[in-house]
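Read the structure below first, then the notes.
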Amino acid sequence: MLKKERQAYIIQQINIHNKVLSSDLSVQLDVSEDTVRRDLQELAEEGKLIKVHGGALSKSFHFTLETSSIYSLPEKKRIAYKAVELIKDGMFILLSGGTTIRELVKALPPDLSVTFITVSVPIALELLEHPTSEVIFLGNKLSKTAQISVGAEVIQRLAGIKADYCFLGTNSMDATEGITDLEWEIIEVKRAMIRGAQKTVSLAISEKLNTTQKLQVCKPEEIDILITELDPSDPKLNPYVQKGIMVL
(Lines give C-alpha, C1' and ligand atoms only; values in the text may rest on other atoms or scores of the structure.)
Protein backbone atom coordinates (compact mmCIF):
# COMPACT_ATOMS: atom_id res chain seq x y z
CA MET A 1 0.00 0.00 0.00
CA LEU A 2 1.32 3.42 -0.96
CA LYS A 3 1.91 6.08 1.69
CA LYS A 4 -0.96 8.23 0.36
CA GLU A 5 -3.31 5.24 0.60
CA ARG A 6 -2.14 4.47 4.15
CA GLN A 7 -2.61 8.02 5.27
CA ALA A 8 -6.04 8.28 3.63
CA TYR A 9 -7.07 5.13 5.53
CA ILE A 10 -5.75 6.60 8.79
CA ILE A 11 -7.73 9.81 8.27
CA GLN A 12 -10.87 7.81 7.46
CA GLN A 13 -10.54 5.75 10.63
CA ILE A 14 -9.86 8.74 12.84
CA ASN A 15 -12.81 10.66 11.37
CA ILE A 16 -15.14 7.76 12.12
CA HIS A 17 -13.83 6.67 15.52
CA ASN A 18 -12.20 9.88 16.85
CA LYS A 19 -9.15 8.00 18.14
CA VAL A 20 -6.80 5.41 16.64
CA LEU A 21 -4.05 3.27 18.16
CA SER A 22 -0.74 2.78 16.38
CA SER A 23 -0.80 -0.93 17.22
CA ASP A 24 -4.23 -1.40 15.61
CA LEU A 25 -3.26 0.54 12.50
CA SER A 26 -0.10 -1.54 12.17
CA VAL A 27 -2.18 -4.73 11.98
CA GLN A 28 -4.87 -3.26 9.72
CA LEU A 29 -2.34 -1.81 7.27
CA ASP A 30 0.15 -4.70 7.57
CA VAL A 31 3.08 -2.37 8.22
CA SER A 32 5.40 -1.78 11.17
CA GLU A 33 4.43 0.51 14.05
CA ASP A 34 7.41 2.70 13.12
CA THR A 35 5.83 3.27 9.70
CA VAL A 36 2.51 4.13 11.33
CA ARG A 37 4.19 6.54 13.74
CA ARG A 38 5.91 8.32 10.84
CA ASP A 39 2.58 8.60 9.02
CA LEU A 40 0.92 9.99 12.13
CA GLN A 41 3.73 12.49 12.62
CA GLU A 42 3.41 13.73 9.04
CA LEU A 43 -0.36 14.04 9.32
CA ALA A 44 -0.01 15.90 12.62
CA GLU A 45 2.46 18.33 11.06
CA GLU A 46 -0.06 18.93 8.27
CA GLY A 47 -2.70 19.75 10.90
CA LYS A 48 -4.93 16.78 10.04
CA LEU A 49 -4.89 15.08 13.46
CA ILE A 50 -3.49 15.35 16.98
CA LYS A 51 -0.69 12.89 17.70
CA VAL A 52 -0.69 11.42 21.21
CA HIS A 53 1.20 8.63 22.96
CA GLY A 54 0.28 5.34 21.31
CA GLY A 55 -1.84 6.79 18.53
CA ALA A 56 -3.73 9.90 17.44
CA LEU A 57 -6.91 11.89 18.05
CA SER A 58 -9.34 13.61 15.74
CA LYS A 59 -9.07 17.37 15.82
CA SER A 60 -12.77 17.35 16.76
CA PHE A 61 -11.63 16.79 20.37
CA HIS A 62 -10.44 20.40 20.45
CA PHE A 63 -13.28 22.53 21.84
CA THR A 64 -12.37 25.54 19.66
CA LEU A 65 -12.91 23.47 16.51
CA GLU A 66 -14.54 25.37 13.65
CA THR A 67 -17.88 23.93 12.55
CA SER A 68 -16.59 23.65 8.97
CA SER A 69 -14.01 21.09 10.13
CA ILE A 70 -16.45 18.64 11.73
CA TYR A 71 -16.63 15.30 9.95
CA SER A 72 -20.08 14.33 8.54
CA LEU A 73 -21.64 17.53 9.89
CA PRO A 74 -24.93 17.27 7.91
CA GLU A 75 -25.45 13.72 9.19
CA LYS A 76 -24.70 14.78 12.77
CA LYS A 77 -27.15 17.68 12.50
CA ARG A 78 -29.87 15.30 11.32
CA ILE A 79 -29.16 13.01 14.30
CA ALA A 80 -29.29 16.02 16.63
CA TYR A 81 -32.70 17.15 15.37
CA LYS A 82 -34.10 13.66 15.90
CA ALA A 83 -32.61 13.49 19.41
CA VAL A 84 -34.03 16.86 20.46
CA GLU A 85 -37.55 15.53 19.85
CA LEU A 86 -37.10 13.22 22.87
CA ILE A 87 -36.32 16.06 25.29
CA LYS A 88 -39.21 17.70 27.13
CA ASP A 89 -39.50 20.46 29.74
CA GLY A 90 -38.68 19.39 33.28
CA MET A 91 -36.45 16.47 32.31
CA PHE A 92 -33.02 15.62 33.72
CA ILE A 93 -30.67 14.69 30.88
CA LEU A 94 -27.18 13.16 31.01
CA LEU A 95 -24.87 14.11 28.14
CA SER A 96 -21.50 12.62 27.24
CA GLY A 97 -19.03 14.41 24.96
CA GLY A 98 -18.41 14.49 21.22
CA THR A 99 -19.32 16.51 18.17
CA THR A 100 -22.74 14.88 17.68
CA ILE A 101 -23.70 15.78 21.27
CA ARG A 102 -22.49 19.30 20.56
CA GLU A 103 -24.85 19.51 17.59
CA LEU A 104 -27.68 18.28 19.83
CA VAL A 105 -27.02 21.16 22.23
CA LYS A 106 -26.96 23.65 19.37
CA ALA A 107 -30.33 22.33 18.14
CA LEU A 108 -32.11 22.79 21.49
CA PRO A 109 -35.14 25.13 21.36
CA PRO A 110 -34.27 28.37 23.19
CA ASP A 111 -37.31 28.14 25.49
CA LEU A 112 -36.65 24.56 26.63
CA SER A 113 -36.39 24.23 30.42
CA VAL A 114 -34.28 21.17 31.22
CA THR A 115 -31.53 20.25 33.68
CA PHE A 116 -28.49 18.96 31.80
CA ILE A 117 -25.78 17.01 33.58
CA THR A 118 -22.51 16.47 31.76
CA VAL A 119 -18.93 15.34 32.32
CA SER A 120 -17.73 17.04 29.13
CA VAL A 121 -15.96 20.41 29.30
CA PRO A 122 -16.85 21.45 25.71
CA ILE A 123 -20.48 20.40 26.16
CA ALA A 124 -20.76 22.27 29.46
CA LEU A 125 -19.40 25.42 27.80
CA GLU A 126 -21.85 25.02 24.91
CA LEU A 127 -24.75 24.57 27.34
CA LEU A 128 -23.87 27.83 29.08
CA GLU A 129 -25.16 29.60 25.95
CA HIS A 130 -28.63 28.11 26.35
CA PRO A 131 -30.92 30.76 27.91
CA THR A 132 -33.39 28.70 29.96
CA SER A 133 -31.80 25.37 30.94
CA GLU A 134 -29.75 24.49 34.01
CA VAL A 135 -26.26 23.03 33.63
CA ILE A 136 -24.56 20.72 36.13
CA PHE A 137 -20.93 19.90 35.37
CA LEU A 138 -19.49 16.89 37.21
CA GLY A 139 -15.86 17.82 37.56
CA ASN A 140 -12.81 15.85 38.66
CA LYS A 141 -9.66 14.67 36.94
CA LEU A 142 -9.87 15.54 33.24
CA SER A 143 -9.07 13.20 30.38
CA LYS A 144 -6.92 15.29 28.04
CA THR A 145 -7.88 13.14 25.07
CA ALA A 146 -11.67 13.19 25.44
CA GLN A 147 -11.94 16.42 27.52
CA ILE A 148 -14.29 14.76 30.01
CA SER A 149 -14.11 14.21 33.77
CA VAL A 150 -13.03 10.73 34.84
CA GLY A 151 -12.26 8.93 38.07
CA ALA A 152 -13.92 7.46 41.12
CA GLU A 153 -15.47 10.72 42.36
CA VAL A 154 -17.35 11.28 39.09
CA ILE A 155 -18.59 7.69 39.07
CA GLN A 156 -19.74 8.05 42.68
CA ARG A 157 -21.65 11.25 41.92
CA LEU A 158 -23.29 9.64 38.88
CA ALA A 159 -24.49 6.83 41.16
CA GLY A 160 -26.72 9.35 42.93
CA ILE A 161 -28.46 10.46 39.72
CA LYS A 162 -31.55 9.04 38.03
CA ALA A 163 -31.95 11.01 34.82
CA ASP A 164 -34.70 10.58 32.25
CA TYR A 165 -32.25 9.99 29.39
CA CYS A 166 -28.55 9.42 28.89
CA PHE A 167 -27.40 10.56 25.46
CA LEU A 168 -24.11 8.91 24.50
CA GLY A 169 -21.79 10.01 21.74
CA THR A 170 -20.71 6.67 20.28
CA ASN A 171 -17.37 5.69 18.73
CA SER A 172 -18.25 2.12 17.68
CA MET A 173 -21.48 0.13 17.79
CA ASP A 174 -22.36 -3.41 16.80
CA ALA A 175 -25.58 -5.42 17.13
CA THR A 176 -23.68 -8.24 18.85
CA GLU A 177 -21.00 -6.42 20.85
CA GLY A 178 -22.95 -3.28 21.73
CA ILE A 179 -21.07 -0.01 22.24
CA THR A 180 -17.28 -0.30 22.42
CA ASP A 181 -14.45 2.16 22.97
CA LEU A 182 -10.72 2.34 23.66
CA GLU A 183 -10.01 4.04 26.99
CA TRP A 184 -10.85 2.32 30.27
CA GLU A 185 -11.39 5.47 32.36
CA ILE A 186 -13.82 6.88 29.80
CA ILE A 187 -15.66 3.57 29.56
CA GLU A 188 -16.13 3.47 33.34
CA VAL A 189 -17.73 6.92 33.25
CA LYS A 190 -20.01 5.99 30.35
CA ARG A 191 -21.11 2.84 32.20
CA ALA A 192 -21.96 4.96 35.25
CA MET A 193 -23.94 7.34 33.03
CA ILE A 194 -25.95 4.43 31.62
CA ARG A 195 -26.72 3.22 35.16
CA GLY A 196 -27.76 6.76 36.08
CA ALA A 197 -30.56 7.04 33.51
CA GLN A 198 -33.92 5.42 32.88
CA LYS A 199 -33.17 5.16 29.16
CA THR A 200 -29.95 5.17 27.14
CA VAL A 201 -29.78 6.76 23.70
CA SER A 202 -26.85 6.05 21.38
CA LEU A 203 -26.07 8.75 18.80
CA ALA A 204 -23.99 7.41 15.91
CA ILE A 205 -23.42 8.23 12.27
CA SER A 206 -24.01 5.10 10.21
CA GLU A 207 -20.30 4.66 9.44
CA LYS A 208 -19.82 3.74 13.11
CA LEU A 209 -22.33 0.90 12.93
CA ASN A 210 -21.07 -2.68 12.65
CA THR A 211 -17.67 -1.66 13.99
CA THR A 212 -16.01 -2.66 17.26
CA GLN A 213 -13.13 -1.55 19.44
CA LYS A 214 -11.25 -3.30 22.21
CA LEU A 215 -13.37 -2.58 25.30
CA GLN A 216 -17.12 -2.91 25.84
CA VAL A 217 -19.10 0.02 27.20
CA CYS A 218 -22.41 -1.83 27.25
CA LYS A 219 -24.28 -4.73 25.70
CA PRO A 220 -26.85 -4.08 22.97
CA GLU A 221 -29.60 -5.00 25.44
CA GLU A 222 -28.64 -1.97 27.56
CA ILE A 223 -29.35 0.46 24.68
CA ASP A 224 -32.94 1.67 24.47
CA ILE A 225 -32.76 3.93 21.43
CA LEU A 226 -30.36 4.25 18.49
CA ILE A 227 -30.36 7.46 16.46
CA THR A 228 -28.53 7.66 13.14
CA GLU A 229 -28.94 9.85 10.08
CA LEU A 230 -30.56 6.90 8.26
CA ASP A 231 -34.26 6.35 7.76
CA PRO A 232 -35.46 3.86 10.42
CA SER A 233 -36.50 1.46 7.63
CA ASP A 234 -32.94 1.19 6.28
CA PRO A 235 -31.89 -2.51 6.14
CA LYS A 236 -28.59 -1.64 7.87
CA LEU A 237 -30.59 -1.01 11.04
CA ASN A 238 -32.45 -4.34 11.02
CA PRO A 239 -29.95 -6.18 13.29
CA TYR A 240 -30.43 -3.49 15.95
CA VAL A 241 -34.21 -3.61 15.72
CA GLN A 242 -34.00 -7.39 16.16
CA LYS A 243 -32.14 -6.78 19.42
CA GLY A 244 -35.13 -4.80 20.71
CA ILE A 245 -33.55 -1.38 20.16
CA MET A 246 -35.85 1.41 18.99
CA VAL A 247 -34.31 3.20 16.00
CA LEU A 248 -35.10 6.80 15.10
Reported set for the range 214-238 where residues are open to solvent by 30 Å² or more (accessible area, probe 1.4 Å) and assigned to a strand (DSSP E or B) is 215, 216
Within the range 21-32, the residues that are under 26 Å from the mean Cα position of the chain (by Cα), surrounded by 14 or more Cβ atoms within 10 Å (Cβ to Cβ) and of a type outside the set (S, T, N, Q) are 21, 24, 25, 29
Conditions (1) touching a strand residue (DSSP E or B) at 6+ places or on another chain (Cβ under 9 Å); (2) farther than 18 Å from residue 163 by Cβ -> residue 138 fails only (2)
Please verify whether residue 91 is closer than 22 Å to residue 225 by Cα and open to solvent by less than 20 Å² (accessible area, probe 1.4 Å), treating the condition exactly as stated. no
Per the filter on the range 124-167, residues open to solvent by 80 Å² or more (accessible area, probe 1.4 Å) and assigned to a loop (DSSP other than H, G, I, E, B) are 128, 129, 131, 144, 159, 162
Residue hits (the range 39-54; in contact with a strand residue (DSSP E or B) (Cβ under 7 Å, 6 or more places away or on another chain) and on the phi > 0 side of the Ramachandran plot) are 54
Scanning the range 70-88 for residues that are under 19 Å from residue 247 (Cβ atoms), open to solvent by 10 Å² or more (accessible area, probe 1.4 Å) and either among the acidic types (Asp, Glu) or touching a helix residue (DSSP H, G or I) at 6+ places or on another chain (Cβ under 8 Å) (or both) gives 72, 75, 77, 84, 85
Contact list, first residue from the range 228-245 and among the basic types (Lys, Arg), second anywhere and in a helix (DSSP H, G or I), beta-carbon distance below 6 Å, six or more apart or interchain, is 243/220
Among the residues of the range 70-99, the number that are modelled with pLDDT under 95 and over 16 Å from residue 206 (Cα atoms) is 2
If we take the range 1-116, then strands (runs of 3 or more DSSP E) inside it with 2 or more residues that are touching a Gly at 6+ places or on another chain (Cβ under 7 Å) are 19-21
Residues of the range 181-213 being open to solvent by less than 60 Å² (accessible area, probe 1.4 Å) and in a loop (DSSP other than H, G, I, E, B), in sequence order, are 182, 183, 196, 204, 205, 211, 213
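The values are calculated or read from the model by the stated rules, or taken from the named source; none is laboratory data. Everything numeric here is computed off the predicted structure, so don't read it as measured data. Because the Cβ atoms are built from the backbone with ideal geometry, glycine has one as well, and the counts that use them run over all protein chains shown. These area figures cover heavy atoms from the full protein model, side chains too; ligands, DNA and RNA do not enter into them. Shrake-Rupley method; radii C 1.70, N 1.55, O 1.52, S 1.80 Å.
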